[in-house]
Structures are given as C-alpha cells and as structure tokens.
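This report refers to the structure that appears directly beneath it.
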C-alpha cells in the first residue's frame, strides 16, 4: 500500500469527454463540443500547402542516432495567424468563425505548434482532418499557459483544418499564431494503435502488466510517454523530501525543450500481450528546472494539475551512488505501450553514468530515451540517454547517474534540506494522514522502580518511520517495544508479553539522561493502519524490573 500524504490535497476538476485517438487525447487538454462547421454550411476555407520535406535526410539522421528520441516529425516554419491567413465568416447567431486548412503532400500526420496562443473566454478552437474522423478540441482560454504557447496532438493524413469559433459577445478573440507545423515523415499511427499495434522490432519486449511486472505497479505509474519536438521519449515522476506532491518529471536532455510537451499517463496494455492501452489521460506543458547536456538529463515541473483520476505516482530515489545488485527499467520503446526490462546483475560505473552490460529480459529502443533506471529497492537512480541495446543485441546501455546530477537538482528533490541520500516514493492522491498523537508523562503507568515515563507518537517524515520517544527511564536502561494488532495483556516480569499478533519486536537503550528515540520501521502493508504497541523497559539497576505500557495506538505515516 502506498504511504499517505502528510498534508491534504486540493481536489481536481474533470473536464469534458474527448475522442480516443492513437495519440493521447485528454480531459485536461480538451473540453469537448463540436465546431460550428458541423452545423452550419460554410464556404471552403483558405488552404495553404507546406513546402516539400526531404524525408530521406531525416531518415538518414535517425540512423545516426541509434538510441535517442523516436523521431517522426520534421518542423516547417509557418508564422501565420488570424490577421494574415485563413477565412472569416459570420454565423447565424451573430458570432464569427475563422478557418485555415494546411496541407502537405506525402505527410503521414500534421500538427501545429502555436507560438502565440492566448484565447479570450468563450472562444473555442477545433482541429480536424478532411473526413472529420479525427476531431480535437475544444481548446479554449483554460489551455492558455504563462508562456502563451501550445501544441496539439498529431492528426493523421495530409491535411488539417483549424477552426476558431467566436461567440457574439466577444469582439477580440485574442491571439492565435501557428509558429510551425510538424510534418509526419514516419507513420507513428502504425506503432501507436490503441491496442499497442504490431511491432516486429519490439518482439523481445515485455508488457509492464505481464507477470514479470508484478510488484512494480507504483513505479509503472510514475512512468509516462512524452511527445515533444516531433519525437517520442519516456520519463518519470519523482518524489521530494518535503513530500508535498510536487509534479517533478525527469527525462533525457536530448528529448528537447518540454515547455509545450504532452505527457501521456497509463499508456499500457491492460493485460500481458493483450488488452487495450488507454490514450485519454494526458496533460500539456511544463517549466524547466535544471538540465545538462553532458549528463543528458532534464528536470521539469509539469504545470497543469494532474487529475487524481490518472493515479500517478512519485517515484523514490537514491543518490548515494551505491551499486545495486540488479536493476529494472520501465519505458515506451518506439512509443509503444509501456514495457519493463530487467538486468539481473549489477550495473557498472562509467564516468557520470550507470552502464548496463546486458539486459536479461527486454531491452531499450529509440523512444525509451529518458526512461528511469530503478535499483533493487525500486528507487530511481538514473535516466537513459544512449547505448547500443536492441532486440537481438541486449548489450551496453547508459543511464546518467542521479549521484552525478545531484548538485544541480538538489534544491528540487531535497527542498527540505534534509541531506537524505535516499527516499521512498509517494502516492500524491492518498488520503491525508491524521495529526500526530502525543502521550504525556505518566499516561502509560509505571512500575518496578523505573519511574514515570513520557511517550510521544511522532510520525517522522524525514526517515519514513513511525518514531516514539521515551523519557524518565534510568540512564543506560534497556527496553523493548512490542508492536502488534491488538493488546491482550500487559507485560509481566520475565518479558512475558501477549500483544495479540506480534508484528515487530524492537530493542533499545536509553542515553545518559534516561531518554531514547525509537524508530519503528513501517512496512507497506502497515502504512495507513492503526496498530497497538506496548513498551517494556528493563533496568539492570533495579534487578530486571519492567515498565509496562497500557496499549498505545497510533496511525503510521511516512
């Protein structure tokens, strides 16, 4: 079970339904509705044709990048907007509509990147192909970000139409400028069918929901597919020491600027080699926090609030640089639904990198770039930037090491300044923890000369443990904490104790002042549940007499 948050989270509003396309459509990005042209007969819109794209050049460039982002689109600069392109027409209700059709010979898909996107309230933008089999939108003022930029998802085919609907009460629709179009020179829709598609080059990969992925569900939910700069990558979300649910996302630097990136969650088959892969859970846009071309990482904060219905997870991390006995990675090779790969041996260290000598199950491929490397504790230790591994050649992959990046990302991953070298993951949508319960001196009773004992139940966010503190014991006294589900009797002399089902038995020694701090490790199965604990103290100075507790209860939090 995932640990709960120490502070409440604000609810997230869901928006309208959207079409399920091979590329992600999102309630966070689109707000439903239909374009005016679906109801009103309009004259043909102005149509412009993009200049030819030399596809061979891009395919040859891709061959020189054996382990990189999975590129499918070439940029074509445009710089056209409402004032200098398109067709305006009045609507029967007194409103207006603007349309612009863009075509490109031999394109597999088209999508726009808006250099200016600042729509007024009530204005709606729709995007569709000539057959209207694929319709995106509406986009509106809720999609406007601080940088006033935006990009929509690819539309398959050689033509796409942009339609802006302006209601009667709005005189100024705002600003809309298509800075560039992305020409799809590779048919990504073959790779990205809702069911996962067929992929001969990916025949060695294992779906994340196969038996091999059991126990990695939290890490699975931290990984997502990334669409940016005409390419597909992989990345993962990370927890931080403040445990505040900050939407931190890390990938490879070579995946490019992520200001207008589309982040797709839960793109994985429901079964092992079968079942559908949902494409309707995405958000768009981020703010860069830190990056390095040398180590090849990019850390950003996803700007829109991620809907709680996506069930995302913030992975834990380990920056110590300690070499783990084995590793795993979760990724989107060639943009396919989520896969999992394993190396059953220790990775090597090569400069600032982790080196995977040989994968034992699965490999990585273009499109896996930026995917996380997890250690045996399921903690993030680095991100993929390059290597030679492929189906049929499972050798030599390289991940930038978190340890090497730490000086640049420390302020974001350890904002509390704890100095921790490792933390566990966090479910940001878990119910909030209750307030800590404090037990004052004498509340647990005393006997046998130990004296009055003060106890405090303190959830310790910095250690991930439930901790209690004890005072009032004799100096250097020995004690033991019994942790169980129910209390059936109080401790008796001779260390005979019945505490229902005893889960843990933890020994401790007080310091020179007679105090002690006793951390109680909390397993995943115990988090969020109320347990009963008792403590007995054994003081050599008093002939082995015992101090008994009265059955204290506390709720464990991270």
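Table for the structure above
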quantity: Flag if residue 324 is under 24 Å from residue 394 (Cα atoms), surrounded by fewer than 24 Cβ atoms within 10 Å (Cβ to Cβ) and in contact (Cβ under 8 Å) with a residue 24 or more places away in the chain; calculated: yes
quantity: Out of 39, 23, 70, sole residue that is modelled with pLDDT under 95 and loosely packed, with under 14 Cβ neighbours inside 10 Å; calculated: 39
quantity: Where a residue in segment 61-82 is in the same structural domain as residue 97 (by TED's automatic domain parsing) and assigned to a strand (DSSP E or B) and its partner, wherever it lies, is modelled with pLDDT of 90 or more and surrounded by fewer than 13 Cβ atoms within 10 Å (Cβ to Cβ), with Cβ under 8 Å and at least six apart; calculated: 76/51
quantity: Residues that are crowded, with 21+ Cβ neighbours inside 10 Å and more than 12 Å from residue 256 (Cα to Cα), drawn from segment 211-233; calculated: 213, 219, 221, 222, 223, 224, 225
quantity: Identity of the residue in segment 153-181, within 32 Å of the chain's Cα centre (by Cα) and in a loop (DSSP other than H, G, I, E, B), that ends up surrounded by the most Cβ atoms within 10 Å (Cβ to Cβ); calculated: 154
quantity: Within segment 354-382, tally of residues that are out of contact with any helix residue (DSSP H, G or I) (no Cβ under 8 Å at 6 or more places or on another chain) and assigned to a strand (DSSP E or B); calculated: 6
quantity: Residue within segment 414-429 that is at positive phi and either in the same structural domain as residue 289 (by TED's automatic domain parsing) or at pLDDT below 95 (or both) present; calculated: yes
quantity: Positions within segment 136-147 being more than 17 Å from residue 302 (Cα to Cα) and surrounded by fewer than 22 Cβ atoms within 10 Å (Cβ to Cβ), in sequence order; calculated: 140, 141
quantity: Failed item in (1) out of contact with any helix residue (DSSP H, G or I) (no Cβ under 9 Å at 6 or more places or on another chain); (2) within 23 Å of residue 296 (Cα to Cα); (3) surrounded by 12 or more Cβ atoms within 10 Å (Cβ to Cβ), with residue 64 passing the rest; calculated: (3)
quantity: Odd one out for residue 241, checked against (1) under 22 Å from residue 327 (Cβ atoms); (2) surrounded by fewer than 21 Cβ atoms within 10 Å (Cβ to Cβ); (3) in contact with a helix residue (DSSP H, G or I) (Cβ under 9 Å, 6 or more places away or on another chain); calculated: (1)
quantity: Filter pass, residue 150 being modelled with pLDDT under 95, closer than 29 Å to residue 305 by Cβ and either assigned by TED's automatic domain parsing to the domain that holds residue 87 or surrounded by fewer than 23 Cβ atoms within 10 Å (Cβ to Cβ) (or both); calculated: yes
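Yes or no, residue by residue, for (1) surrounded by fewer than 23 Cβ atoms within 10 Å (Cβ to Cβ); (2) within 21 Å of residue 226 (Cβ to Cβ); (3) under 21 Å from the mean Cα position of the chain (by Cα); (4) at pLDDT 95 or above:
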site: 275; (1), (2), (3), (4): yes, no, no, no
site: 298; (1), (2), (3), (4): no, yes, yes, yes
site: 301; (1), (2), (3), (4): yes, yes, yes, yes
site: 338; (1), (2), (3), (4): no, yes, yes, yes
site: 355; (1), (2), (3), (4): yes, no, no, yes
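Rundown of residues vs (1) outside the structural domain of residue 85 (by TED's automatic domain parsing); (2) on the phi < 0 side of the Ramachandran plot; (3) at pLDDT 95 or above, yes/no style:
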position	(1), (2), (3)
177	no, yes, yes
208	yes, yes, yes
212	yes, yes, yes
250	yes, yes, yes
257	yes, yes, no
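The values are calculated or read from the model by the stated rules, or taken from the named source; none is laboratory data. Small disclaimer: the values here were computed from a predicted structure and weren't measured. Glycine gets a Cβ as well: all are built from the backbone with ideal geometry, and neighbour counts include every protein chain shown.
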